[in-house]
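> Take this structure first; my questions come after.
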Amino acid sequence: MITNYLVENLEIPFRVAFKHHSATRSVSQTILVRLVGDDWDGWGESCPRAYVSGESCESATQQIHAWLKPGIPFFDLASWNAFCQAHKASIENYPAAFCALELAFFDGYSKKLQSPVSTILGWKSLTNTFKFTAVLGDGSLATFQSLAKAHLDWGFTSFKVKISGNQDADFEKLRWLIDQNSNLSIRLDANNGFSSVEQVVDYLGRIPIRIEALEEPLESKSPDDLIQLIQQIDQAVILDEMAIHEQDLDKYSSVSPQIWINLRVSKMGGIQSTYRILKKAEKLGYGIVVGSQVGETSLLGHAGLLIAQQVENLIGLEGGYSDLFLQQDPFAPQVKFDSHGEFHGEQLAQTLGFGNRISF
């Protein structure tokens, strides 16, 4: 039985500050949930973001207390599912808060049953060799070049570049990057930085290199505006903040061949919800990217890989930085790419839960 819980704010300094249109951070903004009992010890993680789901670490923590202070009613899959059904509305409103709680449940339940989470859920176990996408923030040209070169030396061929919308600054970086390797696959992330459809069309019309896709272009976050944009450009558009719940996907059925979706476990309310959205997106013909939160530890990284393993045709995979980006990763085994920008999933295939906390 689960007899107690705790919620902890985790702030780990980054080795380098990370900037994009919506935020600049030099320290992680993460909450951890621990569920404990005589036969139970489970950890969960999420990264609440106000500009994504409207949550902060404080509001997510308050919601977890609201769910659990009256008592912890779940101890197996049946009671967990009953809890989820009883709190369906608040779970939808607080996806990051619920993600941390859900991962803590499955982490502890997996360890109690001595069975991997994939087995408990009836999913494919981790067997793939995953190739990560390099993610480069919107920093100075010198910083951009330094980080890009490091990723190129690691063997990365897929890049996601955060852009400012300033054509001179952005295009100088992109020209430099493609000059290093003309065969790179490059997608851009505007983090809702463009004020109009016309501004995006002009930007893409002048861009000096070929890009695969543009993520979250519009400040308005309007589905009608996004559909209008898609009808005027050749590149795919990636939904991130505009696709958190299953019903969000229905708005774009008329343009689904040009839509990719960025699946991030934290913003989508945990692995079960992310899996449901994944299957719906595949049915609608969307391209699939499995993303990550800046500053996540290997616990949340492991959960992301579990989702990536379930994708039929994975276009991109973000994350895998662990203590290459964090000053310290408190969970092991580490989800960290190797010298080829890869991670071999079988390393985690028999891991119980999502790993173990090794520092406090």
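> Please find, within the range 288-345, the residue that is nearest to Thr274 (Cα to Cα) out of those that are part of a strand (DSSP E or B) and touching a helix residue (DSSP H, G or I) at 6+ places or on another chain (Cβ under 9 Å). I'd like the intermediate steps shown before the answer.
Initially, the range 288-345 is screened for residues part of a strand (DSSP E or B), giving 288-290, 314-317, 326, 331-332, 342-344.
With touching a helix residue (DSSP H, G or I) at 6+ places or on another chain (Cβ under 9 Å) added as a condition, the list becomes 288, 290, 314, 317, 331-332, 343.
Values: Ile288: 12, Val290: 10, Leu314: 14, Leu317: 15, Phe331: 22, Ala332: 23, Phe343: 21 Å.
Only one residue fits best here, namely Val290.
> Any idea which of Phe132, Phe159 is touching a strand residue (DSSP E or B) at 6+ places or on another chain (Cβ under 6 Å), surrounded by 23 or more Cβ atoms within 10 Å (Cβ to Cβ), free of Cβ contacts under 8 Å to residues at least 40 places away in the same chain and of a type in the set (Phe, Trp, Tyr)?
Working: Phe132 fails: free of Cβ contacts under 8 Å to residues at least 40 places away in the same chain.
Only one candidate passes the filter, namely Phe159.
> Under 9 Å by Cβ, and 6 or more places apart or on different chains, what pairs join a residue from the range 96-117 that is crowded, with 24+ Cβ neighbours inside 10 Å with one that is basic (Lys, Arg)?
Ala96/Arg49; Ala96/Lys267; Cys99/Lys267; Ala104/Arg34; Gly108/Arg34
> As an exercise: evaluate Thr3 against (1) farther than 17 Å from Asp107 by Cβ; (2) polar (S, T, N, Q); (3) over 18 Å from the mean Cα position of the chain (by Cα) and give the number of the one condition it does not meet.
It fails just one condition, (1).
> Take the range 16-66 and flag every residue that is among the β-branched types (Val, Ile, Thr), at pLDDT 95 or above and assigned to a helix (DSSP H, G or I).
Selection gives Thr61, Ile64.
> Which one is farthest from Cys99 (Cα to Cα), of the residues in the range 249-275 that are modelled with pLDDT of 95 or more and out of contact with any helix residue (DSSP H, G or I) (no Cβ under 8 Å at 6 or more places or on another chain)?
Ranking the qualifying residues of the range 249-275, first place goes to Trp260.
> Shifting gears a bit: In the range 250-300, which residue that is within 11 Å of the chain's Cα centre (by Cα) and hydroxyl-bearing (Ser, Thr, Tyr) is surrounded by the fewest Cβ atoms within 10 Å (Cβ to Cβ)?
Thr274
> Restricting to the range 84-94, name every residue that is within 23 Å of Ser56 (Cα to Cα) and not basic (Lys, Arg).
Filtering the range 84-94 down to residues within 23 Å of Ser56 (Cα to Cα) leaves 84, 87-94.
Result: Cys84, His87, Ala89, Ser90, Ile91, Glu92, Asn93, Tyr94.
> So, one more: Mind checking whether some residue in the range 5-27 is of a type in the set (Gly, Ala, Ser) and touching an Asp or Glu at 6+ places or on another chain (Cβ under 8 Å)?
No, because not a single residue in the range 5-27 is of a type in the set (Gly, Ala, Ser) and touching an Asp or Glu at 6+ places or on another chain (Cβ under 8 Å).
The values are calculated or read from the model by the stated rules, or taken from the named source; none is laboratory data. A quick note: this is a predicted structure, and the numbers were derived from the prediction, not measured. Positions of Cβ are generated from backbone atoms using ideal geometry, with glycine treated the same way; all protein chains shown enter the neighbour counts.
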